[in-house]
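K.L.:
Quick one: structure below, then a few questions.
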Amino acid sequence: MPYFLLKSYGAVGSGGDICGDRWLKMEKKGVKWGMRVFYTFNKDTLGKGVRMFLGTHEPRLDEKGRLILPAKFREELSPGLVITKGQERCLYVFPAAEFAHITETLRQAPVTAKAARDYSRVMFAGAHDEIPDRQGRITIPQSLRTYAALEKECVVIGANTRVEIWDSTSWNQYLADREKGFADVSEEVFPGLF
């Protein structure tokens, strides 16, 4: 199956150098996405240049379908965000600027590739844009709550450039299924990095 290089980029700024590429591979079962990003920072800006979401938080969904974002995520998400369906029945929350970047990347996928069309349709049809209120609350539409089986107890995790919202039971089961494999990895998962 062919690989398509979607974007190569490089930038040099006061925070250091950023370079990498994004690619996709068409497979029988769908689209396999890949991304390599390399950062180098100078000592004056270490930790200030690239924003990433980290950690696990356990907010509750209120009766109106609202969720309070973790305080440490609010600044990055306050200009606007997009919530959409994610893999493993969680929800992905992207800063609006990151979602715009993903949109541009998906535009470059060939329209003739069925897997790319299918992925785009599900992702964009389920997407909901929002600006958090002053308390950092977002409203999750019923269709997305149903998709992720969100009731009251939720888990919000930082997943690098995005935030994920999980039903608490689903997250705990996912973690229980994956943590042993994570702890037992004895080969490189990301060549040259880990």
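Every number in this text was worked out from the coordinates using simple rules, so none of it is lab data. Values in this document were obtained by computation on a predicted structure and should not be read as measured data. Glycine also receives a Cβ, built like all others from the backbone with ideal geometry; neighbour counts cover every protein chain displayed.
K.L.:
Counting other Cβ atoms within 10 Å, which trypsin sites (Lys or Arg not before Pro) in the range 118-194 have at most 15 and lie in a DSSP loop?
P.N.:
Arg134, Lys152
K.L.:
For the range 115-177, which GluC sites (Glu not before Pro) are both in a DSSP coil and crowded by at most 13 other Cβ atoms within 10 Å?
P.N.:
When the GluC sites (Glu not before Pro) of the range 115-177 are filtered for loop state and at most 13 Cβ neighbours within 10 Å, Glu151 remain.
K.L.:
Which ³J(HN,Hα) values, rounded to whole Hz and listed in residue order, are derived for the range 90-106 from phi using the Karplus coefficients 6.51, -1.76 and 1.60 in 6.51 cos²θ - 1.76 cosθ + 1.60 with θ = phi - 60°, glycine and proline given as x?
P.N.:
Whole-Hz 3J(HN,Hα) from phi for the range 90-106: 9, 10, 9, 10, 10, x, 4, 5, 5, 5, 4, 5, 5, 4, 4, 5, 5.
K.L.:
Between Arg121 and Ser143, take the C-beta separation as r, use R0 = 22 Å, and let me know the FRET efficiency to the nearest 0.05.
P.N.:
Once the sixth-power term is evaluated, E becomes 0.95.
K.L.:
Output the peptides 70-79, 106-115 sorted from most to least packed, where packing is the average of other Cβ atoms within 10 Å over each peptide's residues.
P.N.:
Averaged packing, sorted descending, gives the order 70-79, 106-115.
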